[in-house]
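Asks: Take a look at the following structure, please.
The values are calculated or read from the model by the stated rules, or taken from the named source; none is laboratory data. Nothing here was measured: the structure is a model prediction, and the numbers come from that model. Here the Cβ positions follow ideal geometry from the backbone for every residue, glycine too, while neighbour counts run over all protein chains shown. Surface accessibility is based on the protein's heavy atoms, side chains included, excluding ligands, DNA and RNA. Shrake-Rupley method; radii C 1.70, N 1.55, O 1.52, S 1.80 Å.
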Amino acid sequence: RAHEIEADNIGMRILYQSSFDPHAVPAFFERMQRLRYTAANEIPKFLQNHPVTSDRIAESKNRANKYGKRKITSPNIFYLVKNRIEVITSKNLSNTVKSFKIKLNNQQLKNKIGLQYGYALALYKNHQFAEAEKILGNLEKEHPNEILFQILAAKLTVKNKQIDKAISILKTALTNYENYYPLIIEYGKILITAKHTQSAYDFIRAKTRQYPDDVALQLLLAAALAQNGPKAYDYQAKAKASKI
């Protein structure tokens, strides 16, 4: 338990240094405690081994009070990722598109940017490319450096058969976000789609050294090798992916 308290304290310090509100930690613990009482059988075992006790909540509150209040100045990423997850896990994209449209008609929006991005992504996934491009264009004007917008812009550019432009968009983005995993995957995919075989192989091979146990990268490496390389290497990469 002493190690657990130490981990809580270190985690809270990292959150504070990253401009998040440390008081969110005890609030989260209280939520977990309520969940424990109402849905005990559904809680994963690793959380049952580290229960949220009243002492742990009190300790986190005392620690948070030492840091003071902190206002989050850029909450967009939370809403962007939240809506992204909603889209990519959707089992009915038509309904998801309609749902975002209804939400955006609400005049009292708190997360308009996130909803607009979710709507554009849902339209893209639903093959409504022109509508998606229009919404994304407005978002990019207001937030030209948002990486998720740049990734979606590249995807739409591919659909417009401007694949070299898509590669340029992602290559530029990589200069600022070289370790951003979704960007790495998307860039590798686009290089393969463009049949830039050697560039795809060199890029993905380097990233597999950085992420040696990543299944998606191993499969991309196999795809790059399948375009122009010995079949044995292609099969070797697929075999490695299957063992991870």
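Asks: If you go through the stretch 182-192 one residue at a time, do you hit one that is out of contact with any strand residue (DSSP E or B) (no Cβ under 9 Å at 6 or more places or on another chain) and open to solvent by 80 Å² or more (accessible area, probe 1.4 Å)?
Replies: Yes - at least one qualifying residue is present in the stretch 182-192.
Asks: Still on this structure, I have one more. How many of the residues making up the stretch 193-209 are free of Cβ contacts under 8 Å to residues at least 24 places away in the same chain and either touching a Phe, Trp or Tyr at 6+ places or on another chain (Cβ under 7 Å) or open to solvent by 20 Å² or more (accessible area, probe 1.4 Å) (or both)?
Replies: Selection size over the stretch 193-209: 7.
Asks: Inside the stretch 130-148, can you point out the residues that are of a type in the set (G, A, S) and buried (at least 16 other Cβ atoms within 10 Å of the Cβ)?
Replies: Once the filter is applied, which keeps residues that are of a type in the set (G, A, S) and buried (at least 16 other Cβ atoms within 10 Å of the Cβ), the stretch 130-148 yields only A132.
Asks: May I ask you to say which residue of A130, A153 is farther than 18 Å from P182 by Cβ and not charged (D, E, K, R)?
Replies: Matching residue, one of A130, A153: A130.
Asks: Something else now. Can you work out which of the residues in the stretch 25-43 that are hydrophobic (A, V, I, L, M, F, W, C) and at pLDDT below 85 is most open to solvent (accessible area, probe 1.4 Å)?
Replies: Residue satisfying both the conditions and the ranking: L35.
Asks: Moving to a separate point now. Quick one: how many residues across the stretch 112-129 are under 22 Å from T172 (Cβ atoms) and either open to solvent by 70 Å² or more (accessible area, probe 1.4 Å) or small (G, A, S) (or both)?
Replies: Result for the stretch 112-129: 1.
Asks: Let me ask something else. Any residue in the stretch 3-24 that's closer than 16 Å to G68 by Cα and open to solvent by less than 60 Å² (accessible area, probe 1.4 Å): show its pairings with residues that are outside any loop (DSSP other than H, G, I, E, B) and not hydroxyl-bearing (S, T, Y) at Cβ separation under 6 Å, as long as the two are six or more apart or on different chains.
Replies: Between residues of the stretch 3-24 that are closer than 16 Å to G68 by Cα and open to solvent by less than 60 Å² (accessible area, probe 1.4 Å) and residues that are outside any loop (DSSP other than H, G, I, E, B) and not hydroxyl-bearing (S, T, Y), the close pairs are N9/R63; M12/V25; M12/R63; P22/M12; P22/L15; P22/A64; H23/A64.
Asks: Suppose we filter the stretch 161-181 for residues that are surrounded by 19 or more Cβ atoms within 10 Å (Cβ to Cβ) and in contact with a Phe, Trp or Tyr (Cβ under 9 Å, 6 or more places away or on another chain); how many remain?
Replies: Looking only at that region, the number is 3.
Asks: Kindly list, by first and then second residue, each pair from a residue in the stretch 149-162 that is more than 15 Å from Y187 (Cβ to Cβ) to a residue that is in a helix (DSSP H, G or I) and open to solvent by less than 30 Å² (accessible area, probe 1.4 Å), limited to pairs with Cβ atoms under 6 Å and residues at least 6 apart or on different chains.
Replies: Going by the 6 Å Cβ cut-off, the qualifying pairs are F149/L139.
Asks: When you check R70 against the structure, is it open to solvent by less than 80 Å² (accessible area, probe 1.4 Å) and modelled with pLDDT under 90, yes or no?
Replies: So R70 fits the description; yes.
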